[in-house]
1. Would you be able to say whether some residue in region 237-246 is in a loop (DSSP other than H, G, I, E, B), at pLDDT 95 or above and either surrounded by 15 or more Cβ atoms within 10 Å (Cβ to Cβ) or not β-branched (Val, Ile, Thr) (or both)?
2. Is it the case, given these coordinates, that Val37 is buried (at least 16 other Cβ atoms within 10 Å of the Cβ) and not in a helix (DSSP H, G or I)?
3. With of a type in the set (Ser, Thr, Tyr) and over 15 Å from Ala170 (Cβ atoms) as the only criterion, which of Ser107, Ser87, Ser79 stands out?
4. Does Glu90 meet the test of being assigned to a strand (DSSP E or B) and out of contact with any helix residue (DSSP H, G or I) (no Cβ under 6 Å at 6 or more places or on another chain)?
5. Hey, could you check region 165-178 for residues that are of a type in the set (A, V, I, L, M) and out of contact with any helix residue (DSSP H, G or I) (no Cβ under 6 Å at 6 or more places or on another chain) and say which is farthest from Glu90 (Cα to Cα)?
6. Test Tyr207 against the stated conditions and say whether it is among the aromatic types (Phe, Trp, Tyr), out of contact with any Gly (no Cβ under 7 Å at 6 or more places or on another chain), at pLDDT below 95 and surrounded by fewer than 23 Cβ atoms within 10 Å (Cβ to Cβ).
7. Quick one: Glu23 ticks every box in (1) without any contact (Cβ under 8 Å) to a residue 40 or more places away in the chain; (2) charged (D, E, K, R); (3) surrounded by 14 or more Cβ atoms within 10 Å (Cβ to Cβ); (4) part of a helix (DSSP H, G or I) except a single one, so which number is it?
Amino acid sequence: MTTKLSFIIVTWNTAEITKKCVETINKYIPHQEIIIVDNGSQDNTISLLSKYKNVKIIENNANLGFSKANNIGLKSATSDYIIFMNSDIELLDANILNMVDFLKNNSDIGIIGPKFLNPDLTSQGSVFPPQTALNAFKEFWLNKPNSFSKYVPKNQNPIPVSYISGGCLAVNKHFFESIGGWNEKYYFYFEDMDLCRKVNQIGKQVYFYPDCQIIHRHGASGKNLAPQKDQWRRLIPSSKKFHGIFKHYLINFIIWSGQKWQKLIHSK
């Protein structure tokens with residue numbers, strides 16, 4: 001018997017990629033509940049997605065941010081297991097059901113996420129190591145890769161990790177509600193890291209499930225928020241919330257100075 005899932009997808013002016021996302025869900029695991037939480041799109045998102053019988057659309061009058069919109073969708077979900085999914089995700093098969101079964105059968109897991117692929121099917125990093133100043137120093141000064149930035153674990157089996165991307169996550173609804181859902185202090189970015197940290201702090205685990213592989217058109221769901229050259233600036237407010245102001249500036253100084261140092265020594 002196929003596990004019933006509720007997919008929650010937040011949209012903001014991403015009509016075509018969201019349509020593709022919905023179509024891949026319906027192709028590989030039909031008859032699932034899909035909840036679109038639209039943050040005041042000005043494109044044809046609503047009219048384009050209204051034709052799908054298993055899609056419920058919640059219309060917000062403004063862009064309420066990722067966390068708040070997801071929490072709104074959660075209230076309407078009727079399944080015991082929730083998939084929070086970015087609009088720029090595409091399924092390649094039905095393996096997301098196996099990922100949810102793994103979650104169901106392991107009570108120590110709080111959150112589980114799949115392996116991300118680029119549109120050309122190459123691997124895409126979705127896991128982060130502990131976000132410490134020391135790890136930033138290891139990667140950007142000592143050239144030890146995968147110490148701080150996101151990476152792809154080499155393991156072929158499911159493994160616990162420190163942080164995993166919020167682009168696609170599976171959770172038990174009742175557990176997720178019991179920990180307060182998404183932290184609405186985060187408008188966009190770092191809300192997934194905050195969530196993983198919370199799960200780890202209460203003694204549950206965050207898991208990476210590589211057998212489930214999905215396409216993630218990285219950045220497509222948020223590309224309209226700022227010009228390309230200013231995209232990095234969107235991270236700053238949330239980084240300060242997550243790290244604290246001192247640690248935010250310390251880590252960013254380590255990264256900036258390390259990049260300058262590496263550029264200097266390689267130019268000689």
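1. In the first step, residues of region 237-246 are kept if they are in a loop (DSSP other than H, G, I, E, B); the result is 244.
Next, only the ones that are at pLDDT 95 or above stay: none.
No, because not a single residue in region 237-246 is in a loop (DSSP other than H, G, I, E, B), at pLDDT 95 or above and either surrounded by 15 or more Cβ atoms within 10 Å (Cβ to Cβ) or not β-branched (Val, Ile, Thr) (or both).
2. Working: buried (at least 16 other Cβ atoms within 10 Å of the Cβ): yes; not in a helix (DSSP H, G or I): yes.
Taking the combined requirement at face value, the residue satisfies it.
3. On the way: Ser107 fails: over 15 Å from Ala170 (Cβ atoms); Ser79 fails: over 15 Å from Ala170 (Cβ atoms).
Exactly one residue qualifies, and that residue is Ser87.
4. Values: assigned to a strand (DSSP E or B): yes; out of contact with any helix residue (DSSP H, G or I) (no Cβ under 6 Å at 6 or more places or on another chain): no.
For Glu90, the condition - assigned to a strand (DSSP E or B) and out of contact with any helix residue (DSSP H, G or I) (no Cβ under 6 Å at 6 or more places or on another chain) - is not met.
5. Residues of region 165-178 of a type in the set (A, V, I, L, M): 169-171.
Okay, now just the ones that are also out of contact with any helix residue (DSSP H, G or I) (no Cβ under 6 Å at 6 or more places or on another chain), so 169, 171.
Details: Leu169: 14, Val171: 19 Å.
Within region 165-178, the match that is farthest from Glu90 (Cα to Cα) is Val171.
6. On the way: among the aromatic types (Phe, Trp, Tyr): yes; out of contact with any Gly (no Cβ under 7 Å at 6 or more places or on another chain): yes; at pLDDT below 95: no; surrounded by fewer than 23 Cβ atoms within 10 Å (Cβ to Cβ): yes.
Judged against the criteria, Tyr207 is not a match.
7. (3)
Table: residues versus (1) modelled with pLDDT of 95 or more; (2) within 26 Å of Ser87 (Cα to Cα); (3) not basic (Lys, Arg).
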{"residue": "Ile111", "(1), (2), (3)": "yes, yes, yes"}
{"residue": "Asp120", "(1), (2), (3)": "yes, yes, yes"}
{"residue": "Gly125", "(1), (2), (3)": "yes, yes, yes"}
{"residue": "Ala133", "(1), (2), (3)": "yes, no, yes"}
{"residue": "Asn143", "(1), (2), (3)": "no, no, yes"}
{"residue": "Asn146", "(1), (2), (3)": "no, no, yes"}
{"residue": "Lys154", "(1), (2), (3)": "no, no, no"}
{"residue": "Pro158", "(1), (2), (3)": "yes, yes, yes"}
{"residue": "Ser162", "(1), (2), (3)": "yes, yes, yes"}
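The values are calculated or read from the model by the stated rules, or taken from the named source; none is laboratory data. This is a predicted model, so every value here is computed, not measured. Heads up, the Cβs are rebuilt from the backbone with ideal geometry, glycines too, and the neighbour counts pull from every protein chain shown.
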